[in-house]
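Read the figures in this text as sums done on the coordinates, not as results from a lab. The structure presented is a predicted model; accordingly, all values stated were derived computationally and were not measured. Every residue, glycine as well, gets a Cβ built from its backbone with ideal geometry; the counts of neighbours run over all protein chains shown.
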Amino acid sequence: MNVLLLGNGGREHAIAWKLKQSKKLTKLYIAPGNPGTAQCGENVDISVSEIDKLVEFAKEKKIELMVAGPEAPLADGVVDAFEATDIKAFGPCEAAARLEADKAFAKQLMRSCAISTAEGRVFDRFEDAKAFIASRDEAVVIKAAGLAAGKGVFVCDDPSDGILAAEKIMCDKEFGEAGNQVVVEDKLLGEEASILAFVDGRNIYVMESSQDHKPVGEGDTGPNTGGMGAYSPAPVVTDKLMDQINREILVPIVDGMNRQGTPYKGILYAGIMVTAAGPRVLEFNVRFGDPETQPILMRLKSDLLEVMLAVCDERLDEITLKWDPRPAVCVVMSSGGYPGSYEKGKIITGLDDANAMEDVFVFQAGTKQEDGNIVTNGGRVLGVTAVGKNVAKAQKLAYEAVGKISFEGSYYRGDIADKALKKK
Ligand code: AMP
Ligand code: GLY
């Protein structure tokens with residue numbers, strides 16, 4: 001079967017790497033891809049926003065399944081466009097992708113489904129948001145309601161910083177139209193976990209848990225990024241907690257989507273804060289997490305393509321997933337300056353040495369091929385991922401591999417997976 005994968009990040013390299021292992025795969029195309037995905041299939045120079053071109057390409061190459069990696073094309077209706085031409089598409093339709101693309105919608109749906117989340121209010125005028133924030137004397141979280149590549153959320157311990165954040169989002173339009181509305185919510189305390197599940201409209205199959213590291217700085221300090229590292233499983237998610245998340249969050253939201261006439265298919269990602277009072281939803285995403293996918297797929301033993309087809313055909317109940325019991329740790333190497341401004345085009349060395357290590361794989365994200373070299377081309381550059389007998393061993397191996405790689409100005413957090421170690 002010919003498959004077209006959309007995207008060019010570390011997540012897509014991980015998906016491409018896993019799809020390539022499928023016996024069902026004939027040819028994999030990745031649009032637009034990166035030098036990492038080029039090792040798993042053929043990169044195609046079409047951007048994920050050029051939906052008509054993607055459909056034309058798919059018809060020409062007899063694609064039987066399209067897999068959307070990132071959220072933006074899903075929110076733009078790429079699944080609807082492919083299904084209209086009878087090509088199977090993995091991911092939610094445009095209406096269901098609102099669960100991520102419109103945080104105000106998600107908040108309202110959670111409320112109507114009695115799903116626990118932070119108390120919050122939605123504002124579409126800056127003056128109203130400002131007055132509300134100013135009336136509070138505790139920490140607030142300010143979120144652009146639309147898509148902002150993981151950077152539109154500001155956790156502000158002081159409400160005056162919250163007002164500045166709302167101003168950035170609504171007046172300065174730092175995230176464009178995504179900032180037409182803001183959600184102002186209470187700050188939740190606890191440890192975070194990412195829960196990803198395959199959903200076929202009715203059936204839910206929860207994957208192994210994972211944990212992201214959103215802030216740029218060690219000890220979870222500084223501004224939020226797309227994610228600076230991840231590990232799987234997350235010991236904070238006990239079996240009992242996973243049952244509770246399934247029962248009180250995943251089942252009700254999938255039911256809620258059905259009730260409102262937009263059945264949910266694809267990956268459902270619940271960002272959870274494990275508070276003293278139980279799990280609370282921070283956000284829903286409508287696709288695989290980046291970088292959570294890198295350690296999760298390193299551990300998945302089953303055929304990803306088969307699972308994706310089962311989702312499309314609404315027969316997820318026939319599938320059983322097998323996992324490597326060993327934990328995996330992914331350390332993101334980024335360009336210095338990210339999530340602010342940074343330079344590109346720095347030559348990366350040591351990739352082959354790191355990849356030659358047993359139980360290590362380097363997923364590429366913001367990279368490109370230039371004059372025979374792999375050079376940096378984005379904020380998050382690499383996801384250096386390792387599996388080990390226990391978290392400490394996986395972590396040690398991942399950092400050993402990081403030590404073999406260099407590029408000018410590279411930055412990484414030195415404490416990825418420390419939280420898991422503290423749990424032991
Ligand atoms: P989101 O994209 O909504 O998940 O937010 C990005 C990150 O901001 C989350 O992973 C958390 O680290 C943090 N965050 C979001 N909402 C809250 C909240 N209500 N309380 C505390 N932290 C939050
Ligand atoms: N790692 C967070 C996300 O994918 O949204």
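Report, in listed order, any pair from 240/396; 103/173; 18/107; 27/404 with a Cα-Cα distance greater than 25 Å. Write down the numbers at each step before the final one.
Details: 240/396 29 Å; 103/173 17 Å; 18/107 33 Å; 27/404 32 Å.
Cα-Cα > 25 Å for 240/396; 18/107; 27/404; rest within.
Fully extending the segment from residue 42 to residue 127, taken as 0.36 nm per residue of separation minus the present Cα-Cα distance, adds 25.6 nm. With Cα atoms as the point set, segment 239-344 shows a radius of gyration and Dmax of 16.9, 48 Å. Taking only the Cα atoms of segment 1-131, the ratio Rg/Rh comes out at 1.10, with Rh defined as the Kirkwood radius.
Please report, to two decimal places, log10 I(q)/I(0) for segment 71-112 at q = 0.33 Å⁻¹ as given by the Debye formula with identical point scatterers on the Cα atoms and no solvent. Here log10 of I(q) over I(0) equals -1.04. Hydrodynamic estimate: the Kirkwood radius of segment 317-408 over Cα pairs, inserted into Stokes-Einstein at 20 °C and 1.002 mPa s, corresponds to D of 152 µm²/s.
For the peptides 305-316, 372-383, 5-16, the ranking by packing is 5-16, 372-383, 305-316, with the highest mean count of neighbouring Cβ atoms within 10 Å listed first. Phi angles across segment 219-233 convert, under the Karplus curve 6.51 cos²θ - 1.76 cosθ + 1.60 with θ = phi - 60°, into 3J(HN,Hα) values of x, 6, 10, x, x, 6, 10, x, x, 9, x, 7, 9, 8, x Hz, Gly and Pro given as x. Residues whose amide H comes within less than 5 Å of that of residue 5, counting only those at least five positions distant or on another chain, are 29, 30, 31, 67 (H built at 1.01 Å from N in the peptide plane). The aspartates and glutamates whose alpha-carbon is closer than 20 Å to the alpha-carbon of residue 62, local same-chain residues fewer than 8 away aside, are 42, 45, 50, 52, 80, 83, 86, 306, 313. Rounded to the nearest whole Hz, the Karplus-based 3J(HN,Hα) values (6.51 cos²θ - 1.76 cosθ + 1.60, θ = phi - 60°) of segment 287-293 follow the sequence 7, 4, x, 10, x, 4, 4, with x at glycine and proline.
Close amide H pairs (under 5 Å, H built 1.01 Å from N) link residue 381 with 333, 334, 335, 366, residues at least 5 positions away or on another chain.
Comparing 240, 168, 62 in a Gaussian network model of the chain (Cα springs below 10 Å), the most mobile by mean-square fluctuation is 240.
From the helices alone, meaning DSSP H stretches of at least four residues, give me the mean residue ellipticity at 222 nm for the chain, per-run term -39500 (n - 2.57), in deg cm²/dmol to the nearest 500.
So the helix-based figure for the chain works out to -8500 deg cm²/dmol.
Relative intensity of segment 269-312 on a log10 scale, I(q)/I(0) at q = 0.26, 0.28, 0.29 Å⁻¹, equals -0.98, -1.02, -1.03, per a Debye sum over C-alpha point scatterers of equal strength in the absence of solvent. Placing a pseudo-label 7 Å from each Cα along the Cα-to-Cβ vector at residue 358 and residue 244 gives an inter-label distance of 4.0 nm. The tail of the calculated P(r) for segment 86-136 beyond 12 Å holds 73 percent of all Cα-Cα pairs. Using the Cβ-Cβ distance between residue 111 and residue 371 with R0 set to 41 Å, the FRET efficiency works out to roughly 0.15. Using 19 Å as the cut-off for backbone N distance, which residues of segment 73-109 belong to the label zone defined by a point 7 Å from the Cα of residue 255 along Cα→Cβ? Residues passing the 19 Å test: 106-109. Toward the positive end of the charge dipole of segment 15-95, with +1 on the Cβ of Lys and Arg and -1 on the Cβ of Asp and Glu, the farthest Cα among 46, 25, 72 is that of 25.
Using Cα pairs under 8 angstrom and six or more residues apart, how large is the relative contact order of segment 285-408, in percent?
29
For the listed residue pairs 88/265; 346/419; 20/344, the alpha carbons are over 21 angstrom apart in 346/419; 20/344.
Computed from backbone phi, the HN-Hα couplings of segment 60-68 come to 4, 8, 6, 6, 9, 8, 10, 10, 8 Hz, rounded to whole numbers (Karplus: 6.51 cos²θ - 1.76 cosθ + 1.60, θ = phi - 60°; Gly and Pro given as x). Taking a straight line from the alpha carbon of residue 423, these aspartates and glutamates sit under 12 Å away, with near neighbours fewer than eight places off in the same chain left out: 191.
Sort largest first and round to whole Å: the equivalent ellipsoid semi-axes of the chain, each the square root of five times a Cα gyration tensor eigenvalue.
Calculated on Cα positions only, the semi-axes equal 30, 26, 22 Å.
Compared with the direct C-alpha span, the chain from residue 189 to residue 343 gains 51.9 nm at full extension, assuming 0.36 nm per residue. Of the three principal axes defined by the Cα atoms of segment 105-262, the extents in descending order read 43, 41, 28 Å.
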